[in-house]
Amino acid sequence: MLYTYMFASSLVLLYPVYSLLFVETGLSVAEISSLFIVWCVASIVLEIPSGAWADTFSRRWLLAIGPLCAGAGYALWVAFPSYWAFLLGFVLWGVENALTSGSLEALVYEELDRVGEASRYTRVMGRARAASQIAIVVAMAVAGPVLALGGYETVGIASVLACVVAAAIALSFPEHRVRVESGEQGYLTTLRQGLREARLDPAVRWTLLMLPFVMGVWDALEEYIPLLSLEKGVAPTTVPWVMMLIWLGVTSGGLLAPLGERLTVKGTAVLLAVGAVVCGTGSLVGSFSGFFLLAMGFCAFQLASVVLGARLQDSIAGPARATVTSVAGLGTGVLTVLLYGIYAAASSGMSHGAVFAMFAVPYVVLAVVLAKGMRSRALPVP
């Protein structure tokens, strides 16, 4: 059911075309970036509180409510296409991100641990992420034809239905953990426990510092691929196919999770460095072949993200697992807001390809840091 949930929640036909909807509505790059920032801020505000809710109350219910919030946002976009409708939709999408981030990882890890299968977490989550990304690829493959036949309204209806199906599936998830004391006191205690572990445990702390950088940069860049495609001369109706190619690369990164389990610290550094080089090169290549290089770079970044996420779960020892995991989500959100702002400012004087290449540099820096072994305690070698 986990894989089905991940597939349904990501089978959103609006994913590959919503940037086009924004452009057709008349929004500038700066306005689109501001929407992305609002999206992240909404997630940031609720990220840690929602993690503590998941530890105190029900992770399963949060995983059901989240997609319904996102679906409501998608409905607003196609029913009332305007800057303010897009903004409210992104707020609702941010709520969905916060409710599911941390809740999903904690629920899966603890259910596996309950049956003595915690060692399978990396590959299970790798496959789950791959199921999500396969759904995105499918959405990208059919979004163009559906858009041509029925317009944004039909694309929006299909997206909302996918969210409703995901919510129904979430309610069937098992949840056998013994919950902490309910009520305000139990919630605050759980929140303090989670934040304390994130702050004081060296392995947890260092992984929480690295994971946002690994996840946040490529995830932020992905939002601008439609604009990069248009700059390279790709027709608007072909943009979903470009997105599909990129997400095939991301999906491959998730499926390679069993291989990633064997990566050492320096192996992770090499992976990030290679990803940075091919991503930066691909963004500067003027032909369509550049997108194949981008897909390879995103594959490397996704594999590194899955591996680091699994090692974070292995490092958490306390009962506030979702709260600690949400700290990583908070860090990713804060970094992403910064990246969106930098992208908006840089795009006023640089091409999209040059900005993409610039954003590959942080991965090179992180690779160098890891190669020197400065953070080996945060990445225990399997």
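The values are calculated or read from the model by the stated rules, or taken from the named source; none is laboratory data. From a predicted model like this one, the values you see are computed outputs, not experimental measurements. Counting neighbours? That spans all protein chains shown, and the Cβs are built from the backbone with ideal geometry, glycine included. Please note that ligands, DNA and RNA were not included when accessible areas were found on the heavy atoms of the full protein model with its side chains. Shrake-Rupley method; radii C 1.70, N 1.55, O 1.52, S 1.80 Å.
Here each label is just a point 7 Å from Cα along the line to Cβ, and for I342 and I157 those points are 4.3 nm apart. Let me make sure I get this right: for the stretch 230-297, a, b and c are the square roots of the gyration tensor eigenvalues over alpha carbons, sorted descending. Under 1.5 in a/c it's rounded, otherwise prolate if a/b > b/c, else oblate. Which is it? The shape class here is oblate.
With a cut-off of 14 Å on the backbone N, no residue of the stretch 233-269 is near the modelled label site 7 Å out from E117 along Cα-Cβ.
How many percent of the accessible area of the chain is carbon or sulfur, using a 1.4 Å probe? Numbers along the way, then the final one.
On the way: 10240 of 14660 Å².
Its accessible area is 70 percent carbon and sulfur atoms.
Could you state the accessible area per residue of the chain in Å², with a 1.4 Å probe and every protein chain left in place? If you can, show how the numbers build up before the last one.
Values: 14660 Å² over 382 residues.
Here the residues of the chain average 38 Å² of exposed surface.
Once backbone amide H atoms are built at 1.01 Å from N, S101 has no partners under 5 Å, excluding neighbours fewer than 5 places away on the same chain. Potential lengthening of the chain between R199 and K372 amounts to 59.9 nm, from the contour at 0.36 nm per residue minus the alpha-carbon distance.
Quote to one decimal, in nm, the extra length available between T25 and L209 on full extension: 0.36 nm per residue of separation minus the C-alpha distance between them. Spell out each step's value before the answer.
Working: separation 184, 0.36 × 184 = 66.24 nm, distance 3.81 nm.
Difference between extended and current length: 62.4 nm.
Using 1/(1 + (r/R0)^6) with R0 = 35 angstrom and r between the beta carbons of Y3 and M350, what's the FRET efficiency to the nearest 0.05?
0.30
The length gained by stretching the chain between E175 and S82 to full extension, at 0.36 nm per residue less their Cα-Cα distance, is 29.4 nm.
Say R0 is 22 Å: what FRET efficiency, to the nearest 0.05, do V285 and M358 get from their beta-carbon distance?
Numbers: r = 15 Å, r/R0 = 0.70.
Efficiency, rounded to the nearest 0.05: 0.90.
Computed from backbone phi, the HN-Hα couplings of the stretch 120-135 come to 8, 4, 4, 6, 5, 6, x, 5, 5, 4, 5, 4, 4, 6, 4, 4 Hz, rounded to whole numbers (Karplus: 6.51 cos²θ - 1.76 cosθ + 1.60, θ = phi - 60°; Gly and Pro given as x).
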